[in-house]
Amino acid sequence: MTRSPAASESHAMRVAQLENVKVRFGKGNNAFLALDRTNLAVNPGDFVAMVGPSGCGKSTILKLVAGLLRPTEGNVFVAGREVGAERIGIGMAFQNPTMLPWLTIRENIMLPLKIVKPYAHTFARDKRTVFRDRAEDLLAKVGLTGFGDRRPWELSGGMLQRANLCRALIHSPKLLMLDEPFGALDQFTREELWSVLQELWMETMPTVFLVTHDLREAAFLASRILVMSARPGRVTEDRAVGFTRPRTLETTFEPEFAELTNDLRRMIVEARQI
């Protein structure tokens with residue numbers, strides 16, 4: 001399909017853009033529509049949180065942007081090109097850190113450098129110098145100084161998730177994809193890691209997609225919150241979050257913060273009833 005110069009320029013200005021995207025899974029009588037007419041435009045440095053009823057397609061959007069899934073209909077652009085035309089650096093962190101037990105924490109963190117360009121071709125040369133220093137710097141920033149030589153089973157869940165963030169950021173990705181990264185943690189650890197993630201984001205400003213069911217987490221971290229309808233999912237609300245940064249836990253007790261989370265809760269309840 002031929003695109004106008006204006007449309008091409010619009011895509012080039014975005015880190016990610018979805019245009020009238022539909023995603024169907026299954027075939028015949030077993031087919032179902034997961035996403036319907038989904039439109040989304042994300043700018044460099046945006047921190048976008050996606051909330052909505054379970055099964056509404058939040059993780060499907062992550063897979064579309066990451067190039068792990070193709071739309072049934074519509075177009076997905078990343079860094080100005082259709083997905084698959086040219087790869088950009090993407091970091092990922094999920095609810096389960098999935099560290100390799102036979103490697104040290106430092107070695108687990110450095111794994112992306114062994115795989116992704118342009119780092120892979122110098123990994124053998126730099127893994128004990130430049131890349132080791134980079135890993136140690138990230139460990140220090142998340143409060144894990146001195147734990148690089150430990151094995152995964154020696155760390156708590158919260159510590160493993162800190163290391164997981166380091167691994168997602170070690171190769172300086174332009175896009176950071178987070179799918180319920182703190183969902184399995186207790187409330188106090190989760191809130192502590194909100195501040196850690198906020199600090200890391202403010203330092204390097206990657207574009208972030210965060211899937212979460214925690215409305216306080218979305219309001220604390222995001223610059224934009226997307227509310228999605230029940231399946232078939234689509235974006236029904238794109239809410240800017242203007243709280244001053246750096247945000248603290250005290251921010252979560254302010255009336256404006258409570259008003260935002262209550263609005264989000266109301267919209268999700270309404271979405272479930274449609």
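The values are calculated or read from the model by the stated rules, or taken from the named source; none is laboratory data. Quantities reported herein were computed from a predicted structural model and do not represent experimental measurements. Note: ideal-geometry Cβ built from the backbone for every residue, glycine included; neighbour counts use all protein chains shown. Remember, those area values only see protein heavy atoms, side chains included, never the ligands or the DNA or RNA. Shrake-Rupley method; radii C 1.70, N 1.55, O 1.52, S 1.80 Å.
List of remarks:
- Residue check, Lys114 farther than 30 Å from Thr248 by Cβ, open to solvent by 20 Å² or more (accessible area, probe 1.4 Å) and under 23 Å from the mean Cα position of the chain (by Cα): yes
- Residue match in the range 108-120 (condition: hydroxyl-bearing (Ser, Thr, Tyr) and touching a helix residue (DSSP H, G or I) at 6+ places or on another chain (Cβ under 8 Å)): yes
- The requirement of being open to solvent by 70 Å² or more (accessible area, probe 1.4 Å) and closer than 22 Å to Ile268 by Cα is fulfilled nowhere in the range 40-53; no residue meets it.
- Neighbours by Cβ (under 9 Å, 6+ apart or cross-chain): first from the range 20-46, free of Cβ contacts under 8 Å to residues at least 40 places away in the same chain and farther than 18 Å from Ala79 by Cα; second assigned to a loop (DSSP other than H, G, I, E, B) and among the aliphatic types (A, V, I, L, M): Phe25/Ala31
- Taken over the range 69-92, residues that are within 14 Å of the chain's Cα centre (by Cα) and surrounded by fewer than 16 Cβ atoms within 10 Å (Cβ to Cβ) amount to 0.
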